Amino acid sequence: MSLNVANCDRCGKIYMKNNYGLCPNCLREMEKQYETCLKYLRENRACSIQELSDATEVPVKQIVKFIREGRISIKNNPNMAYECDVCGAQIREHNMCDACRSRLTKEARNMAEDEQRKKQQTEQEKHASFLIKDRLQDRTK
């Protein structure tokens, strides 16, 4: 039997488990922050994330989380951008910039090609060992 309680990711208090990983108080506070951000963005479409954070006192990290969750759209806010998770370049969508994404794709492709080459070498070595074995058997006959 397991208890249906957990510690809040934000404040550490014990609460009844939910999908957010937050206690009811922190969840209410996060929703207030979200509403505050939306209200400010409606009035100041040209602001940056740092300006939004300074004006609303909501941490940049939380604002980026709202954007990544799709709760805040930055399509109509031309100066809104956040950092790439890998290199820190300013981006407006996804978690990585195009350069990091293409580098990751290239590295994955190279790894797959290396694995394929190793597999082919192993197959060739197996085939070569059978040939030597066959030759030795032919000599003994």
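Placing dummy labels 7 Å off each Cα toward the beta-carbon, the span from ALA6 to GLU31 is 1.9 nm.
Working from label points 7 Å from Cα in the Cα-to-Cβ sense, the ASP85 to GLU123 distance is 3.5 nm. Placing a pseudo-label 7 Å from each Cα along the Cα-to-Cβ vector at SER73 and GLU93 gives an inter-label distance of 1.2 nm.
Where in region 57-85 does the amide nitrogen come within less than 20 Å of the point 7 Å from the Cα of ALA46, taken along Cα to Cβ? Hits in region 57-85 for ALA46 at 20 Å: 74-82.
Residues VAL5, VAL58 ordered from highest to lowest accessible area at a 1.4 Å probe: VAL5, VAL58. Assuming charge only on the beta carbon of Lys and Arg (+1) and of Asp and Glu (-1), the dipole of region 20-59 about its Cα centre is about 140 debye to the nearest 20. Positive contributions from Lys and Arg (+1) and negative ones from Asp and Glu (-1), summed over other residues with Cβ under 14 Å from the Cβ of GLU107, come out at +1. Of LYS13, LYS75, the order by accessible heavy-atom surface (1.4 Å probe, DNA, RNA and ligands excluded), from most exposed downward, is LYS75, LYS13.
For the peptides 105-115, 27-37, the ranking by packing is 27-37, 105-115, with the highest mean count of neighbouring Cβ atoms within 10 Å listed first. CYS23 sits with roughly 10 Å² accessible to a 1.4 Å probe, with DNA, RNA and ligands left out of the calculation.
Cα centroids of region 80-113 and region 6-76: 25 Å apart. Here the chain exposes an accessible surface that is 50 percent carbon and sulfur, computed with a 1.4 Å probe and the other protein chains kept in place.
Go through ALA108, ILE14, THR122 and say which Cα lies farthest out towards the positive end of the charge dipole of the chain; charges sit on Cβ, +1 for Lys and Arg, -1 for Asp and Glu. So the residue we want is THR122.
Can you pull a Stokes-Einstein diffusion coefficient for the chain at 4 °C (1.567 mPa s), Rh from Kirkwood over Cα pairs, as a whole number of µm²/s? Walk me through the intermediate numbers first.
Numbers: Rh = 20.1 Å.
D = 65 µm²/s.
The values are calculated or read from the model by the stated rules, or taken from the named source; none is laboratory data. Remember, predicted model here, so these are calculated numbers, not experimental data. Glycine also receives a Cβ, built like all others from the backbone with ideal geometry; neighbour counts cover every protein chain displayed. SASA here: full protein model, heavy atoms, side chains in, ligands and nucleic acids out. Shrake-Rupley method; radii C 1.70, N 1.55, O 1.52, S 1.80 Å.
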